[in-house]
Every structure is written in structure tokens, then in C-alpha cells.
Amino acid sequence: MNARFRTVPPESDSEATDFADFATAAWPRLVRTARLLTGDHHEAEDLVQTTLAKVYSRWAKVPRDEIDLYVRRALVNNNLSRLRRRRVVHLLTPLLPDTARHAHEGHADTIDQRATLMAALADLSPRQRAVMVLRYWEDLSEQDIAEVLDCSLGTVKTHARRGLEALRAHPVLAAGLPASPASPGAKR
């Protein structure tokens, strides 16, 4: 077992209860964010579960005023690690299996806009996608995103700009977007 992630129970019952209360309250928000990062509801739940298990092992050491930052950073980092592992598996697998997305029956997944947006997000790089999700769905400031991703403010701005450019130019989104009020040649 990797010593870094060995589960060490919180010091007291109140800390365990504190973690359980946090995890229960944060679960829907974390799954929503993870869904946007992964593109799949089941992978999102797995990602959140893995993240919360790792956070639990460090719960006593997490500063209480930085819990949300710590958990978001862990969620994004675990997603990036998941993508790296998947990339290695694909490189080592001679024949890649079909990667058909699972069709989920439910109100949110039947909306065409959501499917269109998910397809466009899937084409972004993992870092651009993380910036887009944290900025526009989690409503974090650029400075907060820089802290979550552990990078400079300029890097966040660059990923945001490039991500928005890619989404605006994406053929699936461009076909479904209404004309913007500012023309491409207009000064901003």
C-alpha cells in the first residue's frame, strides 16, 4: 500500500463527523464539477469518491479555512492523474476499445445544449477544461483558480482565453450559437 495515501482515521469522533457532514454537503457540487471535468457521470462519481477518500486520510491536517480550495485542487489533480493513466493504457494497448459514451436517461442529459457543450468541452485540453469548469460553473475568480491549479494567474488567463477561443470555434457549438452582439472585428 502506498504510504502517502494510507487511511489514517481522524483524531476524534467529532472530526470524523465533521468530515462526514462536509462530504455529504459537498457531494452534489463535487459530482457536478467532476462530471464537467470527466464528461461521464459514473467516472465523475468515481473521481469524487477517490478524492474524498484521499482527503479523509488528511482531514486532520487540512486548514479549516481552505477546505474548499484543498478539495477542488485534489479533484482537479486526481482527474489529471486519471487522464495520464488512461493515456498510458491507450499507448500500451494495441487495439483500442470503442469509447462509446453511455446514454443516461434523465432530464439533464436529454437537453441538446448540455450534450453539445459536453462534446465541445471534451475536445479541450485537461487544463483548459479545468479552467473553464472552475471559472464558469464553479464561479471561481482567476486568482482562486490559480490557487486550485497551483499555477500563475497568467497561466489561468491564457488557458481561459484559449479555452474560450476553442469553444467559440468548435463546429458543434458554432452551429448552435446565436450571433454574438459584437462582430469579430470590433474592438473590445
- request: Please compute the Cα-Cα pair-distance distribution of region 114-162 with 10 Å bins starting at 0, giving whole percents from short to long.
  value: 30, 55, 15, 1
query: So between ALA25 and ASP150, what do we pick up on full extension, going 0.36 nm a residue minus the alpha carbon distance?
result: 42.5 nm
Separation in nanometres of the label points that stand 7 Å from Cα toward Cβ, at SER57 and TRP137: 2.6 nm
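Readers should treat all values here as calculations from the given coordinates under stated rules, not as data from a laboratory. Bear in mind that the values here come from a model prediction, so they are computed numbers and not experimental data. Because the Cβ atoms are built from the backbone with ideal geometry, glycine has one as well, and the counts that use them run over all protein chains shown.
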